[in-house]
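A.B. asks: What follows is a structure written as structure tokens; I'll ask about it next.
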Amino acid sequence: MNILYLEVNNPLKISVPGYTAGQISAVINNGKVSVVKKSLGEYSARPSKKGNAIVTLYANVEGKRTKMGQEEFRVKEVPPPKPEVKFAVNVKGELFIDKMKMVTAGGLSAKLKNFDFKGVRYIITSYKLTGMYKGEQQSDIVKGPKFSSKMEGIIKNTRSGNSITISAIKARRIDTKNTAIKNLDPLVLTIK
């Protein structure tokens with residue numbers, strides 16, 4: 001399955017039997033193709049919209065640009081990141097954290113797991129934190145990745161064994177323009 005990711009520099013290795021890499025060029029109908037190292041046939045494709053993209057190869061045949069073939073690719077969005085709190089420990093699918101370490105973490109981050117492309121970065125734009133505070137359930141909503149002072153109070157007053165839920169998490173890609181806000185899965189952290 002040929003897949004390119006949206007607004008990412010996707011590496012392509014291009015060759016045409018019987019022609020040197022220097023005699024070949026490539027174009028794409030969705031986005032742009034850039035030469036990385038022409039002598040080795042290394043290119044980079046950066047699609048600009050979801051759907052399909054066709055990469056067409058041309059060779060210089062007796063001084064004329066001749067079409068040699070094309071390949072169709074599916075263009076997919078970069079998968080959404082996973083929210084995380086620094087110092088949280090995953091034990092058999094459950095997250096645990098010391099409350100003072102959670103306060104020290106200072107907020108929430110968004111990390112891409114098992115995604116091979118470097119340079120794709122997300123930032124948390126808003127979320128809601130809920131926990132027990134002075135005997136009753138309290139919550140606070142913030143814009144941005146940092147905990148509010150009310151959130152820090154909720155964390156500090158949550159007893160060991162109780163949990164803190166972070167929900168309504170939204171993140172935005174910051175390595176490129178015009179990308180949509182992503183809704184992320186909630187986090188439940190048990191206080192150690």
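Taken together, the values in this text are just the output of simple stated rules run on the coordinates, not laboratory data. These numbers come from a predicted model, not from an experiment. Heads up, the Cβs are rebuilt from the backbone with ideal geometry, glycines too, and the neighbour counts pull from every protein chain shown.
A.B. asks: Mind checking the stretch 1-98 for trypsin sites (Lys or Arg not before Pro) that DSSP puts in a loop (not H, G, I, E or B) and that have at most 15 other Cβ atoms within 10 Å?
C.D. replies: LYS49, LYS50, LYS86, LYS92
A.B. asks: May I pose another question? Go through MET151, LEU57, PRO11 and say which Cα lies farthest out towards the positive end of the charge dipole of the chain; charges sit on Cβ, +1 for Lys and Arg, -1 for Asp and Glu.
C.D. replies: Result: MET151.
A.B. asks: For the chain, give the magnitude of the charge dipole about the Cα centre (Cβ charges: +1 Lys/Arg, -1 Asp/Glu; no others), in debye to the nearest 20. Let's see the in-between values first.
C.D. replies: Values: 34 positive and 15 negative charges, 75 e Å.
Rounded to the nearest 20 debye, it is 360 debye.
A.B. asks: Classify the stretch 82-191: rounded, prolate or oblate, from the alpha-carbon gyration tensor (a ≥ b ≥ c, eigenvalue square roots; a/c under 1.5 rounded; otherwise prolate if a/b is larger than b/c)?
C.D. replies: Note, shape of the stretch 82-191 comes out prolate.
A.B. asks: Here's a follow-up. Under a 5 Å amide H to amide H cut-off, with H placed in plane at 1.01 Å, what residues pair with SER126 once short-range neighbours are removed?
C.D. replies: Distant-sequence amide H within range of SER126: GLY144, LYS170.
A.B. asks: Evaluate the charge dipole of the stretch 49-108 about its Cα centre and quote only its size in Debye, nearest 20, assuming +1 on the Cβ of each Lys and Arg and -1 on the Cβ of each Asp and Glu. All intermediate terms of the calculation are to be shown ahead of the outcome.
C.D. replies: Numbers: 12 positive and 7 negative charges, 28 e Å.
Here the size comes out at about 140 debye.
A.B. asks: Using alpha carbons only, how many angstrom separate the centre of the stretch 146-192 from the centre of the stretch 42-71?
C.D. replies: Here the two parts' Cα centres lie 44 Å apart.
A.B. asks: Calculate, in nm to one decimal, what THR176 and LYS64 gain on full extension: separation in residues at 0.36 nm each, minus their alpha carbon distance.
C.D. replies: Numbers: separation 112, 0.36 × 112 = 40.32 nm, distance 3.68 nm.
Roughly 36.6 nm would be gained on extension.
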